[in-house]
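Some notes on the structure that comes next.
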Amino acid sequence: MLELNKDYLQVLVDRIDAGQDTELRNSLVDLHATDVAEILDRLKFDQANYLFRLLENEVKADVLIELDEEQRSSLLHAMTAEEIAEEVLENLDSDDAADVMSELPDTKAEEVIGLLEDPEQASDIRDLLNYPEGTAGALMAKELVKVQGEWTVTRAIREIRRQAEELHQVYTVYVVDENDCLTGRLSLKHLLLAAESTRSKIKDLQKEDGIISILGQESADKATKLMERYDLVALPVVDKENCLLGRITIDDAVDAIIEDAERDYQLASGISEDVESSDSVWTLTRARLPWLLIGLVGGLGGAYIIGAFDIHENARMALFIPLIAAMGGNVGVQSAAIVVQGLASSSLGTGGILSRLSKELGVGLINGFICALLILGSSMVLGFGTSLSITVSIALLCVIVFAALFGTFVPLMLDRYKIDPALATGPFITTVNDIIGLMIYFAVGSMISAYLA
């Protein structure tokens, strides 16, 4: 693994400034594409562009895919259409090539595709660009190995050898009919060991049961869930007539899972855009400010509620405001996180919203009673008085139950209306629970004060 430090980068920068191309090439020749990409991400654009142009075309294509999106976009815009076609696309699989094309302006993308020497590659890229982002079709690659069921083992092996030249990994051989419709699959081991003779038909060797596929228009999220559920290293993508379109491989599925997880984590943290620490100050500010403003409004709402309650007569109630707000926020985030995780992994079961709320009500009541009893005993021991101790314990029970129900309800409703439920975790839940929790706390305090009076 490359140890990237300031001294190493400074040596590269000095060599770039001195134009020592041979030394630069030698220092990068044994590095993995991911390590080279990390180096380029750490350099200024002019330096990264200089170093990038020294790479071999195959390495250049691999490095480009591993780069940070902003750096990749900058390098692509600095390249001519001819350079992108000859040095990049011709060394990429169709799915990666389509990803690169999607970052270019439409006119330049069309120019690049028109310059490709292989018309089949150009057609594959155009097909993939027609699928919206987030679909299985956009995630798939067109390169795969397929044979027809009527072929003999001899012909199939000859075709597999020819087709496999374009692939890094074969994974599975797909069996199709004369119309290119998927009929089964075949492992290389089964092909070599199960055939009685070289004249055996592929249709007699293929596995037809349990083949799992996905439509190109279905979501990429569904594709990754299928691969996770059934331990697949490759998932065939078909059209409505079950004709084979391409395949989604495990490396692309893992990339999609990581990207979704990062996006959900950012949403849960109150970051509204996909950003990284290397982004500009304005980009980071724009991504983080909206939820900060929502939190600000929530804080003003809480202040108004405190002001509306005559806290001078019950000044000691102010001591427990942080406790009520913190417990409500924590319980709400816990409940929302469990629901969001269940939605993401499709493990919530078949019950509807009412069943989930009923279960969470039980959890909230148990947790609420335990916490209420603990705070009642603790506040009495610490000398806060019977009235205040009872007020805090009852309010805490109510706040925990409400927060648990609210934290469960919101992500379920967001998911029903096709909105990312990850929005429900973090600042939104915390802000609402703070306001409602204070309302409950002071309402309970007012009722107990009136009763005792």
- Item | Packing-based exposure ordering (other Cβ within 10 Å, fewest first) of Val237, Val29, Val333 | Val29, Val333, Val237
- Task: Take the alpha carbon gyration tensor of the range 281-452, find the square roots of its eigenvalues, order them as a ≥ b ≥ c, and report rounded if a/c is under 1.5; if not, report prolate when a/b exceeds b/c, else oblate.
- Result: oblate
- Spacing of the two label points (7 Å from each Cα toward its C-beta) at Arg263 and Val297, in nm: 2.4
- Query: Distance from the Cα centre of the range 379-420 to that of the range 1-73, in angstrom?
  - Reply: 53
- Roughly what would the spin-label model give for Glu120 and Val381, points 7 Å off Cα along C-beta, in nm? 7.7
- Item | Out-of-range pairs (alpha-carbon distance over 24 Å; input Lys201/Lys225; Lys108/Lys146; Lys142/Lys222; Lys189/Lys222) | Lys201/Lys225; Lys108/Lys146; Lys189/Lys222
- Note on the structure: Percent antiparallel among DSSP beta bridges confined to the chain, rounded to 5, stands at 70
- Under the 7 Å Cα-to-Cβ spin-label approximation, Leu54 and Ser355 lie apart by a distance in nanometres of 6.3
- Item | Amide H contacts under 5 Å for Gly246, placed H, 5+ residues apart | Val237
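Kindly identify the range 143-186 as rounded, prolate or oblate by the Cα gyration tensor criterion: order the square roots of the eigenvalues as a ≥ b ≥ c, call it rounded if a/c is under 1.5, otherwise compare a/b with b/c, prolate if a/b is larger, else oblate. Please list the in-between numbers first.
Values: a/c = 1.99, a/b = 1.34, b/c = 1.48.
Oblate, because a/c is 1.5 or more while a/b does not exceed b/c.
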- Query: Taking H as built 1.01 Å from N, whose amide H comes closer than 5 Å to the amide H of Thr135, not counting residues under 5 places away?
  - Reply: Ala220
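Place the peptides 401-408, 13-20, 437-444 in order of packing, highest mean first, counting for every residue the other Cβ atoms within 10 Å and averaging per peptide. Please list the in-between numbers first.
On the way: 401-408: 24.8, 13-20: 13.4, 437-444: 22.2.
Top to bottom by mean Cβ count within 10 Å: 401-408, 437-444, 13-20.
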- Under 20 Å from the Asn179 label point (7 Å along Cα→beta-carbon), backbone N, the range 141-171: 146-151
- Note on the structure: Zone reached by a paramagnetic label modelled 7 Å from Glu166 Cα along Cα→Cβ, restricted to the range 122-138 with backbone N below 16 Å, covers 122-129
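Taking a ≥ b ≥ c as the square roots of the eigenvalues of the Cα gyration tensor of the range 6-133, is the shape rounded (a/c under 1.5), prolate (a/b larger than b/c) or oblate? Please report the intermediate quantities before stating the final value.
Numbers: a/c = 2.28, a/b = 2.12, b/c = 1.07.
Verdict is prolate for the range 6-133.
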- Message: Tell me which DSSP H helices of the chain clear both cut-offs, 30 Å or more of axial length from alpha-carbon atoms and a mean Kyte-Doolittle hydropathy of at least 1.0.
- Response: 281-308, 321-345, 353-381, 386-416, 427-452
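A short reminder: the numbers here are calculations on the coordinates, not readings from a lab. Keep in mind that this is a model prediction, so the values were computed, not measured. We place every Cβ from the backbone using ideal geometry, glycine too, and count neighbours over all the protein chains shown.
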